[in-house]
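Since the structure comes first, as structure tokens, the remarks are kept for the end.
The values are calculated or read from the model by the stated rules, or taken from the named source; none is laboratory data. These numbers come from a predicted model, not from an experiment. Heads up, the Cβs are rebuilt from the backbone with ideal geometry, glycines too, and the neighbour counts pull from every protein chain shown. SASA here: full protein model, heavy atoms, side chains in, ligands and nucleic acids out. Shrake-Rupley method; radii C 1.70, N 1.55, O 1.52, S 1.80 Å.
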Amino acid sequence: MCRKCENDARVSGDPNDPIVLQQFWDQEYAWYRDTINKHGWAIQFVSGSPGESPAFAYTVGLTNFAHSELLVIGLDDQASAGSLLNQLSRRVRDGEQFRDGQEIATSGPPVRMFDVPNPGEIIFIANHFFGRPRFDSLPALQAVYPDAHGTWPWEPNYHLPPGRQPMPGTFRG
């Protein structure tokens, strides 16, 4: 079951009732705590809205490894986004430190990392989980991937639709 369906099934009663909402968030944060304790990180996936906003996913917990949280935008299915973020997160757990501008080989296409200048507008759950306000956000790195032809978003003839993979600083969660 996807997290959204699981969450919808857990919310019973009036979702505007502060007690119902508090119970929901208590369960959510218990899941994050348990997942981070077990694996070192969790992943928050946000479904996109066709024509409005692309799907995105980010890690929650890499800050415990003295590393920026990781973000990927435009991978529409949770499995693809999760696979990429889990692969990169295992490397962070094993001691690798990614940096702005670095190209990284993955089991699929390579990704290039970029500092996200506005993480407080995107990684809400990570900031909330670690008690950070938007204006003092945890840092984040965006993993940018090429299209099927190996063309990066900033190069001519990039084949993904405009807005599918916005560059850092132009996306708001």
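Could you please let me know if Arg112 is modelled with pLDDT of 95 or more, surrounded by 14 or more Cβ atoms within 10 Å (Cβ to Cβ) and farther than 20 Å from Arg33 by Cα?
On the way: modelled with pLDDT of 95 or more: yes; surrounded by 14 or more Cβ atoms within 10 Å (Cβ to Cβ): yes; farther than 20 Å from Arg33 by Cα: yes.
So Arg112 fits the description; yes.
Count of the stretch 129-168 residues, restricted to those that are open to solvent by less than 50 Å² (accessible area, probe 1.4 Å), out of contact with any helix residue (DSSP H, G or I) (no Cβ under 8 Å at 6 or more places or on another chain) and among the aliphatic types (A, V, I, L, M), is 3. Each residue in the stretch 37-48 was checked for being modelled with pLDDT under 95 and in a loop (DSSP other than H, G, I, E, B), and 2 of them qualify. Of the set (1) within 17 Å of the chain's Cα centre (by Cα); (2) in contact (Cβ under 8 Å) with a residue 40 or more places away in the chain, all apply to Gly120 but (2).
Yes or no, residue by residue, for (1) over 13 Å from the mean Cα position of the chain (by Cα); (2) surrounded by fewer than 14 Cβ atoms within 10 Å (Cβ to Cβ); (3) aromatic (Phe, Trp, Tyr):
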| position | (1), (2), (3) |
| --- | --- |
| Ala55 | no, no, no |
| Tyr58 | no, no, yes |
| Leu62 | no, no, no |
| Glu69 | no, no, no |
| Gln78 | no, no, no |
| Ser83 | no, no, no |
| Val92 | yes, no, no |
| Glu103 | yes, yes, no |
| Gly108 | yes, yes, no |
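Taking the conditions (1) out of contact with any Pro (no Cβ under 7 Å at 6 or more places or on another chain); (2) under 20 Å from Gly40 (Cα atoms) in turn, Pro161 satisfies each one other than (2). For Arg172, the stated conditions do not hold, so it cannot be described as open to solvent by 50 Å² or more (accessible area, probe 1.4 Å), of a type in the set (D, E, K, R), more than 25 Å from Ser49 (Cα to Cα) and in a loop (DSSP other than H, G, I, E, B).
In summary, Glu28 fulfils each of the numbered conditions (1) open to solvent by less than 30 Å² (accessible area, probe 1.4 Å); (2) under 15 Å from Ala143 (Cβ atoms) with the single exception of condition (2).
For the subset of the stretch 66-82 comprising residues that are polar (S, T, N, Q) and in contact (Cβ under 8 Å) with a residue 12 or more places away in the chain, which member is nearest to Ile104 (Cα to Cα)? Before the answer, list the steps.
So the first thing to find is which residues in the stretch 66-82 are polar (S, T, N, Q), and the list is 68, 78, 80.
Checking which are in contact (Cβ under 8 Å) with a residue 12 or more places away in the chain leaves us with 68, 78.
Details: Ser68: 15, Gln78: 21 Å.
Residue satisfying both the conditions and the ranking: Ser68.
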